[in-house]
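Undergrad: Sharing a structure, written as structure tokens. Questions coming.
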Amino acid sequence: MDCLFCKIVSGDIPATVLYEDDDVIAFEDIMPQAPTHFLVIPKRHISTLNDLTDEDASVVGKLQITAAKIAKQKGISEAGYRVAMNCNEMGGQTVYHIHMHVLGGRAMTWPPG
Ligand code: 5GP
Ligand code: ZN
């Protein structure tokens, strides 16, 4: 499949991997928008949030739990951080394999631009 993040999952494209198990993988964002910026993705290809079904509940929960664990390891939990998932063009999605952004290490603004 011609998907950038599937190629990171398979190892065809290198990434700085922070965590990996059978279901999810987390890696540093290549263009960090904050001092800490990593992505957590399901290993199984899901194009957008619109494609989720009830069967995906456990993997989506695992994305969030993994994000929180890594945030803690990176020492940004207490100060706080931002989690974001972009859906389709108006949501700012550019890679069509769902991914959770975790940003920290600076104050976030609200609402996001
Ligand atoms: P989106 O705009 O789809 O929500 O986020 C896609 C994210 O993937 C962006 O933050 C972008 O910097 C990141 N990204 C794009 N290509 C690569 C890549 O080849 N490697 C890594 N590690 N991140 C990437
Ligand atoms: Zn994919």
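Undergrad: In segment 45-66, whose amide N lies under 15 Å from the spot 7 Å out along Cα-to-Cβ of residue 83? List them in ranges.
TA: Those under the cut-off are 57-66.
Undergrad: Right, another one. Take the alpha carbon atoms of segment 1-71, find their center, do the same for segment 84-104, and report the distance between the two centers in whole angstrom.
TA: 11 Å
Undergrad: Write out the cysteines belonging to the chain for which the nearest other cysteine Cβ is not under 4.7 Å, or none if no such cysteine exists.
TA: Cysteines of the chain left without a disulfide-compatible partner: 87.
Undergrad: List, in order, the whole-Hz ³J(HN,Hα) value for each residue of segment 33-44 obtained from phi through the Karplus relation with A = 6.51, B = -1.76, C = 1.60 and θ = phi - 60°; use x for Gly and Pro.
TA: With coefficients 6.51, -1.76 and 1.60, one gets 9, 7, x, 10, 8, 10, 10, 10, 10, x, 5, 6 Hz.
Undergrad: While we're on this one: Looking at the chain as a GNM with Cα springs under 10 Å, which of 94, 16, 36 has the largest mean-square fluctuation?
TA: 94
Undergrad: Limiting things to C-alpha atoms, what are the Rg and the maximum Cα-Cα separation (Dmax) for segment 4-104, in angstroms?
TA: So, for segment 4-104, Rg and Dmax equal 12.8, 35 Å respectively.
Undergrad: Please list, by residue number, everything in segment 85-112 whose backbone N is under 17 Å from a paramagnetic label point 7 Å out along Cα→Cβ of residue 56.
TA: Taking a point 7 Å out along Cα→Cβ of residue 56, the residues of segment 85-112 whose backbone N falls under 17 Å are 85-101.
Undergrad: Follow-up question, since we're still on this one. Suppose every K and R has +1 on its Cβ and every D and E has -1 on its Cβ; what is the size of the dipole of segment 22-113 about the Cα centre, in Debye to the nearest 20? Kindly include the intermediate steps, with their values, before the conclusion.
TA: Values: 8 positive and 10 negative charges, 86 e Å.
That gives segment 22-113 a dipole magnitude of about 420 debye.
Undergrad: Same structure, new question: Helix-only mean residue ellipticity at 222 nm, the chain, DSSP H runs n ≥ 4 weighted -39,500 (n - 2.57), per residue, nearest 500. What is it? Don't jump to the answer; show the numbers that get you there.
TA: On the way: 3 runs with 28 residues, N = 113.
Only helices count here, giving -7000 deg cm²/dmol.
Undergrad: In degrees, nearest 10, range 0 to 90: what is the angle between the Cα axis of helix 57-73 and the longest Cα principal axis of the chain?
TA: The angle comes out near 40 degrees.
Undergrad: Using a 1.4 Å probe on the protein heavy atoms, what percent of the accessible area of the chain belongs to carbon and sulfur? It would help to have the intermediate numbers written out before the result.
TA: Numbers: 3720 of 6890 Å².
The nonpolar share, carbon plus sulfur, comes to 54 percent.
Undergrad: Residues with beta-carbon under 13 Å from that of residue 48, excluding residue 48: net charge, scoring Lys, Arg +1 and Asp, Glu -1? Working shown, then result.
TA: Values: positive: none; negative: 51, 56, 89.
Here the charged neighbours net out to -3.
Undergrad: What FRET efficiency, computed as 1/(1 + (r/R0)^6) with R0 = 22 Å and r the Cβ-Cβ distance, is obtained for residue 31 and residue 65, rounded to the nearest 0.05? Please report the intermediate quantities before stating the final value.
TA: Values: r = 25 Å, r/R0 = 1.15.
With R0 = 22 Å, the Cβ-Cβ based efficiency is 0.30.
The values are calculated or read from the model by the stated rules, or taken from the named source; none is laboratory data. Just so you know, these numbers come straight off a predicted model, no measurement behind them. Cβ coordinates were reconstructed from backbone atoms using ideal geometry, including for glycine residues, and neighbour counts include every protein chain displayed. The accessibility values were calculated without ligands, DNA or RNA, using every heavy atom of the protein model including side chains. Shrake-Rupley method; radii C 1.70, N 1.55, O 1.52, S 1.80 Å.
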